[in-house]
Amino acid sequence: MRIAMIFTTILFLSVISSVFAEDKTDYIPYKCHIETANGPNIALFVWDKKQVVEEQSALLAAHVPTISNERLLVKRVIECITEDKKFKDKFVRQLDEQRTDLDD
């Protein structure tokens with residue numbers, strides 16, 4: 001599972017770098033605390049800053065890739081924040097910290 005998380009992180013970072021190569025000011029990495037049938041999880045996205053509200057709205061009832069390396073159905077969107085912010089929920093914040101610790 002650790003290898004899968006590393007692979008997911010590398011893939012996410014490569015997508016971010018390719019998107020930012022186009023225009024650094026229009027695309028921003030976001031992370032969302034979502035509720036799924038499997039419980040709370042985090043999904044990562046890179047969105048055009050002009051489309052953030054629309055993108056967040058489209059998450060409900062969509063299957064999205066998560067940091068647990070699964071595509072899960074979103075039952076509820078709890079919080080979407082930019083990559084540099086911290087989640088309000090303590091458990092999800094710990095999940096996120098474990099993910100970002102892999103980058104070090």
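Are any of the residues in the range 15-36 touching a helix residue (DSSP H, G or I) at 6+ places or on another chain (Cβ under 9 Å) and modelled with pLDDT under 95?
Yes: the range 15-36 contains one or more residues that are touching a helix residue (DSSP H, G or I) at 6+ places or on another chain (Cβ under 9 Å) and modelled with pLDDT under 95.
Does residue 83 fit the bill of being charged (D, E, K, R), loosely packed, with under 13 Cβ neighbours inside 10 Å and farther than 15 Å from residue 39 by Cβ?
When the stated conditions are applied, residue 83 does not pass them.
Taking residue 99 and the conditions (1) out of contact with any strand residue (DSSP E or B) (no Cβ under 8 Å at 6 or more places or on another chain); (2) surrounded by 14 or more Cβ atoms within 10 Å (Cβ to Cβ), which numbered condition does it fall short on, given that it satisfies the others?
Condition not satisfied by residue 99: (1).
The values are calculated or read from the model by the stated rules, or taken from the named source; none is laboratory data. The structure displayed is predicted, hence computed values, not measured ones. Note that each Cβ is placed from the backbone with ideal geometry, even for glycine, and that neighbours are counted across all protein chains shown.
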